[in-house]
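Enquirer: After the structure tokens below, expect a handful of questions from me.
The values are calculated or read from the model by the stated rules, or taken from the named source; none is laboratory data. None of these values were measured; they are calculated from a predicted model. Note that each Cβ is placed from the backbone with ideal geometry, even for glycine, and that neighbours are counted across all protein chains shown. In case anyone asks, the SASA skips ligands and DNA or RNA and just uses the protein heavy atoms, side chains included. Shrake-Rupley method; radii C 1.70, N 1.55, O 1.52, S 1.80 Å.
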Amino acid sequence: MPTPQAPQVFPEWMPPHLRLMQLVASKWITQPLLALARLGVADLLAEEPRTVEDLAAHCNVLPDPLRRCLRAASSVGVFTELDDGRFSPTPMSEHLRPGVPLSLRDLALFLGDESTTRSFAQIMDVLRTGEPAFETANGAPMFAYLDDHPELLATYQGSWAPLTEGVAQALLEAVDFNAYGTIADLGGGNGALLRVLLNACPDATGILLDRPETIRQAHPDLDDGPLSSRVRLLGGMLPGGIPQDADAYIIKNTLHCLGEATVKDTLRAVRTAIGERQDARLFLIESMVVPGNGYDWGRFVDVEVMINCGGRVHTRDEWDDLLPECGFALESVRDLLPPQWLIIARPAVAVSGAWPR
């Protein structure tokens, strides 16, 4: 059965006031989607269309409210309501399934968790103070809170693992990592990215650095599996603990979670670890705020980290200033896997034995 194309979020007939209404009333869409993700409806529909009554029985919910949530999701292209009243999957709903390429199920569950919705409810405080709201809303900074809530921490890690697989493949197409004997992934989570790189580069060794609580959840392949003899697992918090013996330093989607002072301290710590080794390289994988008024994921991620972490998504001009200030020369910038960009920097030549500060 051919899958119908998803309707436009803003159909051509929709006047400006209704487009604005759809934006300010986005909870009418997101909350039904979150409920359907929690219930695992996308998995139940993976094989064939099913009736609402059948789905409701499997999910232990009532058919009428479930139908209404499914209808709302179908109006924006997530699921399709057939003429006979059954519902079927769409290309978008496939990404609500766990374990599929580019799965967004855990990301949906994390972004919809009460802890993050509480922090977003305090956005006015962020605007007045410039300070993130997560700690005020939940009693602890975000990563400390995750450490105390292991199920949510696992969801957070699971949010990025499927996307990381895609980023890793794109990175391998962009860079020949066989040229680097030791690859260090700083703030690398459970090691999903490093695992792909080491599997593709059989002569390379790896170093995974992240908070001790995260390192304890390292991928089994890295912990005690087939790659364990080629990997060092280091528990530490940036900017500390940077290993001095890596040839390639990778920081993926971590710097934008940190305050600006910590970003600079981290970059300087990497530069110090590199020392005089001009062949070493820094690979930053980050969202980026691009010029113009087009649809830009970097701007939305920027708001997310502003509210929850006190971080920032940088512009290209800001990276042009940051990297030389911290002892690096920008080598190249390229689109990697939307919304990710790849920034490659080489060590700048030291002046009078000191790195720029």
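Enquirer: Can you find, among Val313, Leu337, Asn253, the residue sitting farthest towards the positive end of the charge dipole of segment 214-357, where Lys and Arg contribute +1 and Asp and Glu -1 at Cβ?
Expert: Asn253
Enquirer: Here's something else I'd like to know. Tally the DSSP beta bridges in the chain and give the antiparallel ones as a percent, rounded to 5.
Expert: Counting only bridges with both partners in the chain, antiparallel ones make up about 45 percent.
Enquirer: I've got another one for you. Rounded to the nearest 10 degrees, what's the angle between the helix 27-39 long axis and the longest principal axis of the chain, both from Cα atoms, 0 to 90?
Expert: On a 0 to 90 degree scale, this one is about 90.
Enquirer: About the Cα centre, and with charges only on the beta carbon of Lys, Arg (+1) and Asp, Glu (-1), how big is the dipole of segment 29-186? Nearest 20 debye, please.
Expert: Details: 10 positive and 23 negative charges, 92 e Å.
The dipole of segment 29-186 has a size of about 440 debye.
Enquirer: When the Debye formula is applied to the Cα atoms of the chain, each taken as the same point scatterer, what base-10 log of I(q)/I(0) results at q = 0.14 Å⁻¹?
Expert: Log-scaled intensity ratios, in q order: -1.25.
Enquirer: At 1.4 Å probe radius, can you tell me the per residue accessible area of the chain in Å²?
Expert: Counting only protein heavy atoms, the per-residue value for the chain is 50 Å².
Enquirer: Given an 8 Å cut-off on Cα distances and at least 6 residues of separation, report the relative contact order of the chain as a percent.
Expert: Relative contact order for the chain comes out at 12 percent.
Enquirer: Okay, moving on. For the chain, the longest stretch holding no GluC sites (Glu not before Pro) located in a DSSP loop with at most 10 other Cβ atoms within 10 Å is which?
Expert: Working: sites that count: Glu12, Glu47, Glu276.
That would be 48-275.
Enquirer: State the volume of the convex hull built on the alpha-carbon positions of segment 250-352, expressed per residue in Å³ and rounded to an integer.
Expert: Residue-normalised Cα hull volume stands at 93 Å³.
Enquirer: Shifting gears a bit: I'd like to know which of Pro98, Trp297, Leu193 lies farthest towards the positive end of the charge dipole of the chain, counting +1 on Cβ of Lys and Arg and -1 on Cβ of Asp and Glu.
Expert: The residue sitting farthest along the positive end of the dipole is Trp297.
Enquirer: Could you give the angle, 0 to 90 degrees to the nearest 10, between helix 63-74's Cα long axis and the longest principal axis of the Cα atoms of the chain?
Expert: 60 degrees
Enquirer: Under a 10 Å cutoff between Cα atoms, tell me which one of Ala246, Ala170, Ala133 has the largest fluctuation in the Gaussian network model of the chain.
Expert: Ala170
Enquirer: Can you show me the helix-derived [θ] at 222 nm for the chain, built from DSSP H runs with n ≥ 4 at -39,500 (n - 2.57) apiece and divided by the number of residues, rounded to the nearest 500.
Expert: -13000 deg cm²/dmol
Enquirer: Then there's this: Under the Kirkwood approximation for Rh and a Cα-based Rg, what ratio Rg/Rh is obtained for segment 143-202? Walk me through the intermediate numbers first.
Expert: Numbers: Rg = 13.5 Å, Rh = 12.7 Å.
Expressed as Rg/Rh, it is 1.06.
Enquirer: Post the alpha-carbon centroid distance, segment 139-153 to segment 190-224, in whole angstrom.
Expert: One Cα centre to the other: 22 Å.
Enquirer: Given an 8 Å cut-off on Cα distances and at least 6 residues of separation, report the relative contact order of segment 1-143 as a percent. Spell out each step's value before the answer.
Expert: Working: 149 pairs, mean separation 29.9, N = 143.
It rounds to 21 percent for segment 1-143.
Enquirer: If you roll a 1.4 Å probe over the chain with all protein chains in place, what percent of the accessible area is carbon or sulfur? Can you show the working numbers first?
Expert: Working: 9730 of 17830 Å².
The value for the chain is 55 percent carbon and sulfur by accessible area.
Enquirer: Let me know the charge dipole size of the chain about its Cα centre in debye, to the nearest 20, where only the beta-carbon of Lys, Arg (+1) and Asp, Glu (-1) is charged.
Expert: Numbers: 29 positive and 47 negative charges, 87 e Å.
The calculation lands at about 420 debye.
Enquirer: If the only charges are +1 at each Lys and Arg Cβ and -1 at each Asp and Glu Cβ, what is the size of the charge dipole of segment 1-115 around the Cα centre, to the nearest 20 debye? If you can, show how the numbers build up before the last one.
Expert: Working: 10 positive and 14 negative charges, 69 e Å.
Value, rounded to 20: 340 debye.
Enquirer: Moving on. Using amide H atoms built 1.01 Å from N in the peptide plane, name the residues 5+ places from Gly206, or on other chains, whose amide H lies under 5 Å from its own.
Expert: Residues meeting the amide H criterion: Ile183, Val231, Arg232.
Enquirer: Between Leu127, Leu163, Thr116, whose Cα lies farthest towards the positive end of the dipole of the chain when Lys and Arg beta carbons carry +1 and Asp and Glu beta carbons carry -1, centred on the Cα centre?
Expert: About the Cα centre, the residue reaching furthest to the positive side is Leu127.
Enquirer: If you don't mind, there's one more thing I want to ask. Please state the relative contact order of segment 120-228 as a whole percent: Cα pairs under 8 Å, 6+ residues apart?
Expert: In percent, rounded to a whole number, it is 18.
Enquirer: Rounded if a/c is under 1.5, else prolate if a/b is larger than b/c, else oblate: which is segment 29-179, with a ≥ b ≥ c the root eigenvalues of its Cα gyration tensor?
Expert: oblate
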